Each structure stands twice: as C-alpha cells, then as structure tokens.
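Participant: A single structure is presented below for examination.
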Amino acid sequence: MIDIEQHNLWPTTSESLPTPAAPSVMERSSTAREFDRSVLPAVNVASVPQRSPLRYPGGKTWLIPHIRKWLGGPPTPLLIEPFAGGGIVSLTAVMEGRVARALMVDLDRDVSAFWRAALDHSEDLIARILAFSPDRDGVQQLARQPPHSVLDHGFRTLVLNRTRRGGVLAPGASWVRQGENGGGLCSRWYPDTLAKRLRDIAHHADQLLFYEGDGVGILNTFADYPGSRFFVDPPYTAAGGKRAGSRLYKHNTVDHARIFQALAQSRADFLMTYDYSSQVVDLIRKHHFHGVVVDMKNGHHARISELVITRDSLFS
C-alpha cells in the first residue's frame with residue numbers, strides 16, 4: 001500500500017445538507033427527456049468480473065463498459081475515486097491496466113477499516129475468512145463486539161456487509177432473512193471466493209492507495225494534479241432526487257454544488273454518476289457539462305435511470 005503521507009493529503013470537512021423530498025413521477029419523466037440515451041447499455045453484472053469483496057448498495061458494476069470507454073487509450077497515471085465504497089471502478093481500472101495507480105477515498109470508518117485491512121493485512125484477513133464458520137449467533141456477537149484493531153474492524157465490516165440485507169452497513173440495517181436460494185443469513189458468505197478476490201487485490205496493492213477522509217476535500221486537493229482523472233459517485237441524495245441515501249449510508253449528505261464547482265474549476269477529466277434530481281439537472285446546465293441516461297434494473301427488478309455526466313460529450 002502506498003504511503004498516503006507522501007502525497008500530502010489532508011481531509012477537509014464539508015458542511016452537511018438536509019435530505020430533501022423525492023420528486024413526483026411527472027417530474028422524473030420531464031427530466032428524462034432532457035438527456036440522450038447512452039450509446040452503451042447498462043451491462044448485466046454477471047457478465048463482468050466481480051472484483052470487490054463488498055456488496056455495496058449503489059455499486060457500479062453495471063457501469064463498467066462506460067468506464068472502459070472513458071479510460072480507453074494509454075493508461076491514466078492516477079485515477080481518484082473520492083467516494084469509493086466497494087471500489088469496483090478503481091479495482092477494475094487497475095487490474096485491467098487502464099490506470100497506473102488508483103486513490104480510493106471514503107469517509108465511512110467501517111468501509112475504511114475494511115480497505116486498510118485488505119491492503120495492509122491481506123493474508124491475516126484471508127485466514128480469518130477461511131476459518132470463520134458463520135451462524136446467526138456468531139454474526140450477531142461479532143456485531144456487538146467492539147473491534148480492537150484495524151484487522152478486527154475490517155473483518156467485522158466484511159461479515160456484516162455479507163450478512164445484512166443489500167450489504168447495508170448504516171445503523172438500523174436489517175439482517176438477511178431468506179437469503180440467496182433460501183440459504184438464510186449467511187447465504188452470501190463465500191469464503192473461497194472472498195479469499196480469491198482479496199488475493200487479487202493484494203497482488204495490486206502497490207497500485208492501490210486508500211485514504212480515510214472527505215471526498216469533496218480530495219477533489220479540491222487534486223484538482224490540478226498532473227495526469228489525474230476523477231470517478232465521482234456520491235452515495236448521497238441531491239435535492240429533488242431519491243431519498244434512499246438516508247437509509248443506505250451512514251454519511252448521506254454532501255454539498256453537491258461544491259462537487260460540481262470543484263470539477264468545473266479543475267483541469268482534470270472526470271466521469272460522474274447521479275440519480276435523477278432537479279438539483280443535478282440545474283448543476284449540469286450551469287457548468288455546461290454533458291449528461292446521458294442509462295436505464296437499468298435495481299435489486300427489486302424495477303426499471304430506473306441514472307445520469308452519467310462528463311465534461312465533454314462521450315456517450316451520446
């Protein structure tokens with residue numbers, strides 16, 4: 001793991017904004033007509049490599065064809081993912097040789113502990129995974145037990161992520177009930193698969209940098225860093241958008257205008273994703289960015305649309 005101190009990164013805390021009410025169906029339909037459909041469809045997630053050990057709400061495996069086109073050409077020196085979560089974009093970009101290095105950033109302490117354990121203590125983490133025999137009592141005891149080290153904390157995060165509905169780590173998240181194929185609480189605990197993914201990550205650990213801190217502050221810090229690109233996927237709800245962020249993420253408010261402003265002032269290339277939101281539409285217009293619509297299905301098989309936003313026209 002690359003030493004973060006060598007890059008003089010320091011967190012900057014942004015003010016939190018309240019989560020607003022969701023828009024009407026008519027408002028969403030009107031917004032949809034303002035943007036072209038992407039020339040690339042959302043991919044079936046089963047058709048691309050599953051590289052992250054985390055099941056992450058709002059994960060971006062479906063976006064991988066867009067990422068591959070965006071990062072086409074010579075390898076990018078540095079990809080920065082300010083709201084990393086499950087890290088699928090950074091992992092894919094590094095493992096496919098599309099970037100030389102990736103900086104993953106997250107403010108959530110549980111998610112951060114997992115990535116520190118995965119990058120700094122991979123073999124010990126793998127050993128714990130392979131030795132763990134999950135059952136309801138053991139998982140719930142682990143949830144109540146405060147961690148005493150980064151390794152403890154990272155392992156605890158992974159277990160809770162794989163045994164809570166949708167991988168949600170936010171306070172109040174419910175346990176898996178029926179589970180995959182009726183397998184119950186631990187139906188998504190695949191020790192051999194998790195161990196393989198962690199070994200693959202460890203193989204690229206010298207190219208993966210992790211920093212626990214504020215993603216918006218990182219945007220400002222690296223605004224003009226030579227050879228950098230940003231993948232920005234805030235796990236938060238903007239004004240006039242869905243309210244899911246408040247229940248899916250511990251940190252669920254952010255200054256969206258500040259994100260757009262930082263990217264507008266930066267010379268770096270970027271790709272950003274958002275759900276439909278009147279605030280986001282206004283910000284796209286204000287900064288003369290380009291947006292396209294990507295249709296996909298969520299975990300409940302409902303059809304939803306997301307916006308893919310870039311500085312220049314790329315997917316229309």
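Participant: Within segment 265-293, take every residue that is surrounded by fewer than 16 Cβ atoms within 10 Å (Cβ to Cβ) and in contact with a Phe, Trp or Tyr (Cβ under 8 Å, 6 or more places away or on another chain) and give me the one that is farthest from Arg68 (Cα to Cα).
Facilitator: Lys286
Participant: Given the conditions (1) modelled with pLDDT of 95 or more; (2) over 16 Å from Leu194 (Cα atoms), report the number of the one that Phe114 does not fulfil.
Facilitator: Phe114 satisfies every listed condition except (2).
Participant: How many residues does segment 117-133 contain that are surrounded by 16 or more Cβ atoms within 10 Å (Cβ to Cβ) and modelled with pLDDT under 95?
Facilitator: 1
Participant: Separate question: Given the conditions (1) touching a strand residue (DSSP E or B) at 6+ places or on another chain (Cβ under 7 Å); (2) surrounded by 18 or more Cβ atoms within 10 Å (Cβ to Cβ), report the number of the one that Ala100 does not fulfil.
Facilitator: (2)
Participant: Now for a separate question. If I filter segment 255-264 down to residues being in contact (Cβ under 8 Å) with a residue 40 or more places away in the chain and hydrophobic (A, V, I, L, M, F, W, C), which single residue comes out as surrounded by the fewest Cβ atoms within 10 Å (Cβ to Cβ)?
Facilitator: Once the filter is applied, the top-ranked residue is Leu263.
Participant: If you don't mind, another one. For segment 125-157, enumerate the residues that are outside any helix (DSSP H, G or I) and among the charged types (D, E, K, R).
Facilitator: Initially, segment 125-157 is screened for residues outside any helix (DSSP H, G or I), giving 132-135, 145-149.
Selection gives Asp135 alone.
Participant: Restricting attention to segment 55-67, which residues are of a type outside the set (Phe, Trp, Tyr) and either touching a Pro at 6+ places or on another chain (Cβ under 6 Å) or at pLDDT below 95 (or both)?
Facilitator: Selection gives Arg55, Pro57, Gly58, Gly59, Lys60, Thr61, Leu63, Ile64, Pro65.
Participant: Continuing with this model, one more query. Looking only at segment 215-228, count how many residues are charged (D, E, K, R) and surrounded by 22 or more Cβ atoms within 10 Å (Cβ to Cβ).
Facilitator: Looking only at that region, the number is 0.
Participant: Please find, among Leu198, Leu194, Leu160, the residue that is touching a Ser or Thr at 6+ places or on another chain (Cβ under 9 Å), modelled with pLDDT of 70 or more, crowded, with 17+ Cβ neighbours inside 10 Å and part of a helix (DSSP H, G or I).
Facilitator: Of the residues listed, the single one that is touching a Ser or Thr at 6+ places or on another chain (Cβ under 9 Å), modelled with pLDDT of 70 or more, crowded, with 17+ Cβ neighbours inside 10 Å and part of a helix (DSSP H, G or I) is Leu198.
Participant: Out of all the residues in segment 35-54, is one or more part of a loop (DSSP other than H, G, I, E, B), at pLDDT 50 or above, polar (S, T, N, Q) and closer than 26 Å to Asp108 by Cβ?
Facilitator: Checked against the condition, which is being part of a loop (DSSP other than H, G, I, E, B), at pLDDT 50 or above, polar (S, T, N, Q) and closer than 26 Å to Asp108 by Cβ, segment 35-54 yields at least one hit.
Participant: Going residue by residue through segment 68-75, is there one that turns out to be crowded, with 19+ Cβ neighbours inside 10 Å and modelled with pLDDT of 95 or more?
Facilitator: Checked segment 68-75: at least one residue is crowded, with 19+ Cβ neighbours inside 10 Å and modelled with pLDDT of 95 or more.
Participant: Still on this structure: Under 20 Å from Asp214 (Cα atoms), touching a residue at least 24 places away in the same chain (Cβ under 8 Å) and in a helix (DSSP H, G or I), is that true of Phe114?
Facilitator: It is true that Phe114 is under 20 Å from Asp214 (Cα atoms), touching a residue at least 24 places away in the same chain (Cβ under 8 Å) and in a helix (DSSP H, G or I).
Participant: Quick check on my filter: what residues within segment 30-89 are over 21 Å from His203 (Cβ atoms) and β-branched (Val, Ile, Thr)?
Facilitator: The answer is Thr31, Val39, Val43, Val45, Ile80.
The values are calculated or read from the model by the stated rules, or taken from the named source; none is laboratory data. Bear in mind that the values here come from a model prediction, so they are computed numbers and not experimental data. Here the Cβ is made from the backbone with ideal geometry for all residues, glycine too, and neighbour counts use every protein chain on show.
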